[in-house]
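Structure first, commentary second.
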Amino acid sequence: MNADGPVLSVTGLRAGYLPEVDILRGIDLEAVPRAVTTVVGPNGAGKSTLLKAIFGLVPVRAGEIRLDGQVITGWPAHRCKLAGLAYVPQAASTFPQLTVEENLRLGGWLLRSQPAELRRRLEWVYETFPVLADLRRARATLLSGGQLRMLAVAKELVVPPKVLLVDEPTAGLAPKVAAEVYELLSRLVELGITILLVDQNVIESVKIACKCYLIAEGRVVRSESGRWFLQNLPQVIREMLQGRAEATA
């Protein structure tokens, strides 16, 4: 455990999908321990690419990623998972024809040689998510949109992560269901989990954030506390549209 620094830090990160085409152009950020750090920005800003690069799904061409003080730059996804990173993508990450428990057991694949520990972690998940306990034998295809998002998050918690990367968790959900998802993320923080959240829902994601970053065209254009973002939402929205920070008094 690195007690002197952030649990996750990114420095000078440049990454992209095609050779010599950088989507991220020198990103610097830190995830606040045991809190939500939110990244917002317009479509195409590089938000989802940032999470994928951290998790080893997009090639990194320059810069450094540290997890708990250890350099993990360029590690493949399975090694990042072993090190304590978990990733909840925007796209569906559950298997619809499998039951809730079967999906959770897949999330605990790294514990397959430790059956007692796997059982203990599954019971922890069911205690933390009572709705899933009631549905443990139901196929995922029968779950509501909110329940599916809950399952997607819970699946990544069977193996305890140091940092949970969450991409657009409320995309396509009704406002009431989206509110439940944000409440869930806040509850995970109370359990000591560090969250790096990428979101288009500026107002709601900022409300639960300790620290916020606004990125545009692959660069950080604003880095402030969640409270500052919430108190200056009109300015933040203008900066999202302009792709640059305004001068502050």
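The values are calculated or read from the model by the stated rules, or taken from the named source; none is laboratory data. Owing to the predicted nature of the structure, the values given are computational and were not obtained by experimental measurement. Note that we place each Cβ from the backbone using ideal geometry, even for glycine, and neighbour counts take in every protein chain shown. Heads up: the accessible areas ignore ligands, DNA and RNA and are worked out on the full protein's heavy atoms, side chains in. Shrake-Rupley method; radii C 1.70, N 1.55, O 1.52, S 1.80 Å.
Numbers for the structure displayed
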read-out: Every pair of residues 6+ apart whose Cβ atoms lie under 6 Å, when the first sits in the stretch 127-154 and is hydroxyl-bearing (Ser, Thr, Tyr) while the second is open to solvent by 40 Å² or more (accessible area, probe 1.4 Å); value: THR141/PRO96
read-out: Members of the stretch 57-90 that are open to solvent by less than 30 Å² (accessible area, probe 1.4 Å), touching a helix residue (DSSP H, G or I) at 6+ places or on another chain (Cβ under 7 Å) and over 28 Å from TRP228 (Cβ atoms); value: VAL58, ILE72
read-out: Residues located in the stretch 143-155, provided they are assigned to a loop (DSSP other than H, G, I, E, B) and not aliphatic (A, V, I, L, M); value: SER144
read-out: Of all residues making up the stretch 109-142, the number that are part of a loop (DSSP other than H, G, I, E, B) and open to solvent by 40 Å² or more (accessible area, probe 1.4 Å); value: 6
read-out: Boolean, LEU51 is in contact (Cβ under 8 Å) with a residue 60 or more places away in the chain, surrounded by 20 or more Cβ atoms within 10 Å (Cβ to Cβ) and more than 14 Å from the chain's Cα centre (by Cα); value: no
read-out: Residue within the stretch 10-25 that is surrounded by fewer than 22 Cβ atoms within 10 Å (Cβ to Cβ), among the hydroxyl-bearing types (Ser, Thr, Tyr) and touching a helix residue (DSSP H, G or I) at 6+ places or on another chain (Cβ under 8 Å) present; value: yes
read-out: Residue satisfying condition, being touching a strand residue (DSSP E or B) at 6+ places or on another chain (Cβ under 9 Å) and of a type outside the set (D, E, K, R), within set LEU106, LEU148, LEU85; value: LEU85
read-out: Residues of the stretch 189-198 satisfying the condition of being at pLDDT 95 or above and either among the basic types (Lys, Arg) or in contact with a helix residue (DSSP H, G or I) (Cβ under 8 Å, 6 or more places away or on another chain) (or both); value: ILE195, LEU196, LEU197, VAL198
read-out: Within the stretch 91-108, tally of residues that are open to solvent by 50 Å² or more (accessible area, probe 1.4 Å), touching a residue at least 12 places away in the same chain (Cβ under 8 Å) and not in a loop (DSSP other than H, G, I, E, B); value: 2
read-out: Selection count, the stretch 66-90, where residues are assigned to a loop (DSSP other than H, G, I, E, B) and free of Cβ contacts under 8 Å to residues at least 60 places away in the same chain; value: 5
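Conditions tested, residue by residue: (1) surrounded by 17 or more Cβ atoms within 10 Å (Cβ to Cβ); (2) in contact (Cβ under 8 Å) with a residue 60 or more places away in the chain; (3) in a strand (DSSP E or B).
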| site | (1), (2), (3) |
| --- | --- |
| LEU157 | yes, yes, no |
| LEU165 | yes, yes, yes |
| TYR182 | yes, no, no |
| LEU185 | yes, yes, no |
| LEU188 | yes, no, no |
| ILE195 | yes, yes, yes |
| LEU214 | yes, yes, yes |
| GLU239 | yes, no, no |
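Table: residues versus (1) in a strand (DSSP E or B); (2) in contact with a Cys (Cβ under 9 Å, 6 or more places away or on another chain).
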| position | (1), (2) |
| --- | --- |
| PRO33 | no, no |
| VAL39 | yes, yes |
| ASN43 | no, no |
| THR49 | no, no |
| LYS52 | no, no |
| GLY56 | no, yes |
| ARG61 | yes, no |
| GLU64 | yes, no |
